[in-house]
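K.L.:
This is the structure, below, for whatever I ask next.
Derivation of every value follows stated rules applied to the coordinates shown; laboratory data play no part. Not measured: the values here are computed from a predicted model. Note: ideal-geometry Cβ built from the backbone for every residue, glycine included; neighbour counts use all protein chains shown.
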Amino acid sequence: MLSLYWFVSLIALGLFFPLFSLYLSENLGLSGKETGLVTAAIPLAGLLAQPLWGVLADRSGSRVRMLSLVTAGASIGYAHLAFERTFGSVLLATLLLAVFSTSVMPMSVSVSMALLRERGRHAFGIVRSAGTLGYLVAVAGFPAALHAFGALVPPAESAASHASEPHLGLMLFAACAAMGTASLISLALPRGGAVSLRAASGDWRLLFAGGPYPRLLAVTLVTYMFLQGPLVMFPLYVRSLGGGLDVVSHMWIWMLAFEIPLLAGVAAAPSWIGARELIGIGIAADATRWLVCASAHSLDAIYYVQVLHGVAVAGFVVGSALYVEAVVPGKLRSTAQGLVYMIGVGIGGVVSSAAAGALVDAYGPRAPALVGGLGGAMLAIALPWVLPKVSRHSHDDLVAIEAIDERPTA
């Protein structure tokens, strides 16, 4: 059921994330700056929502129930956003959506890590690959379904009717249906054992009592500041070179086709590739990808370099989740994962999305890729001196501690 949840919930994200900026720009007619502000509203809401949901989950021990709640809230948020048209109303609806949607991923990670903790250090990569498969299904299947719908139902005369894909707003209704289904699936997940560990008041201070976790937060912040904006504005960059929805979709298919085996293959990584090394590989791959995009002038060159997206996800996303699991007690895993997303997707994403929108207006769609690629490359080089290496046995030690925590008291 856990793999099925990841599969269906990431269908919703695959419908929404790759095309949202294109929908805002072409279908709603927002400027580059307005598009950047709306996309920045998503991580902005996560600044408060992600740690709040994480603390509630850890204090109550009801991590699965919280996962069901945020997933259901995201489903309702997608439906609400579909009816808004002006900049102000879209901005507000996006903020309301993000209160729930930004916590789906960190809550999914914390629940998955708890349920999989005895199956080995890299079991998460295998389950996470099911989510990527769902993302791939959405990216590959939605444009074809949209074209078929457009052939049957001509668009009404409006500003959106002059867009390259007048019916693109249907992605919000489809995302609503997928996320609602995922919420129902989550109700069947196990709720006992490590997933129900409860933290006491004040335990969160343990996260900041020195050690590697605060440094991971700093690395996550800088990573997202440089590398999130180029991805948000990627559809606009492809459009500037003459590519439309089909080209964006095909590039995402190319990215995801390699991401699936890379995520599953994390389990077979050599012994010397630990969580820190995975993080470094992911940052370096993404930086290289955007530097190539910044210097390329043909869609063919950009198309092939997107394979590095899979390396970036398998490296940074899985590596950072494993790093947290290795250095943080299980009773704080939801808070810790939520803070990682808050610092990265939240603060880093707000700065990066807003800056990318301003860069597009001032210097064109190529600018975010250049700035992001240079910054990511410098961080990848400095990583061994910034982030401590984590022992391969840390996870096993924490599992033993959790086993003691789970014993019934007299």
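K.L.:
Enter the per residue convex hull volume of segment 62-128, computed from alpha-carbon coordinates, in Å³ rounded to the nearest integer.
P.N.:
81
K.L.:
According to the Kirkwood expression over distinct Cα-Cα pairs, how big is the hydrodynamic radius of segment 165-268, in Å?
P.N.:
That comes to 18.9 Å for segment 165-268.
K.L.:
Another one. Along the positive direction of the dipole of the chain (beta-carbon charges: Lys, Arg +1; Asp, Glu -1; about the Cα centre), which of Gly29, Gly315, Phe149 reaches farthest?
P.N.:
Positive-most Cα among the choices belongs to Gly315.
K.L.:
Using only alpha-carbon positions, what ratio does the radius of gyration of segment 293-359 give when scaled by 2.2 N^0.38 Å?
P.N.:
Cα-based Rg divided by the globular estimate yields 1.49.
K.L.:
What's the local net charge at Glu26, with K and R +1, D and E -1, over the other residues with C-beta under 11 Å away?
P.N.:
Net of charged neighbours comes to 0.
K.L.:
Still on this structure: Most mobile of Ser60, Ser249, Ser334 per a Gaussian network model of the chain (Cα springs, under 10 Å)?
P.N.:
Its mean-square fluctuation being the largest, the pick is Ser60.
K.L.:
For the chain, modelled as a Gaussian network with Cα springs under 10 Å, which listed residue fluctuates most, Ala382, Ala356, Ala114?
P.N.:
The residue that fluctuates most here is Ala382.
K.L.:
May I ask for log10 I(q)/I(0) of segment 29-68 at q = 0.19 Å⁻¹, from a Debye sum over the Cα atoms as equal point scatterers with solvent left out?
P.N.:
Log-scaled intensity ratios, in q order: -0.61.
K.L.:
Ok, one more. Please compute, over every Cα-Cα pair in segment 199-330, the percentage with a separation greater than 24 angstrom.
P.N.:
Roughly 39 percent, once rounded to a whole number.
K.L.:
Also: For n ≥ 4 DSSP H runs only, could you compute -39500 (n - 2.57) per run for the chain, divide by its residues and tell me the 222 nm figure to the nearest 500?
P.N.:
-23000 deg cm²/dmol
K.L.:
If we count chymotrypsin sites (Phe, Trp or Tyr not before Pro) as exposed when they sit in a DSSP loop and have at most 15 other beta carbons within 10 Å, what is the longest stretch of the chain that avoids them all?
P.N.:
My reading of the result: 84-271 is the longest stretch.
K.L.:
Of all the C-alpha pairs in segment 4-129, what % are more than 26 Å from each other?
P.N.:
So the pairs more than 26 Å apart make up 27 percent of the total in segment 4-129.
K.L.:
Which value results for Rg/Rh of segment 92-148 when Rg is the Cα radius of gyration and Rh the Kirkwood radius based on the inverse mean 1/r?
P.N.:
For segment 92-148, the value is 1.13.
K.L.:
With 5 Å bins from zero, work out the P(r) of segment 208-253 over every alpha carbon pair and list the percent per bin.
P.N.:
Reading the bins upward from 0: 5, 19, 18, 13, 11, 10, 9, 7, 6, 3, 0.
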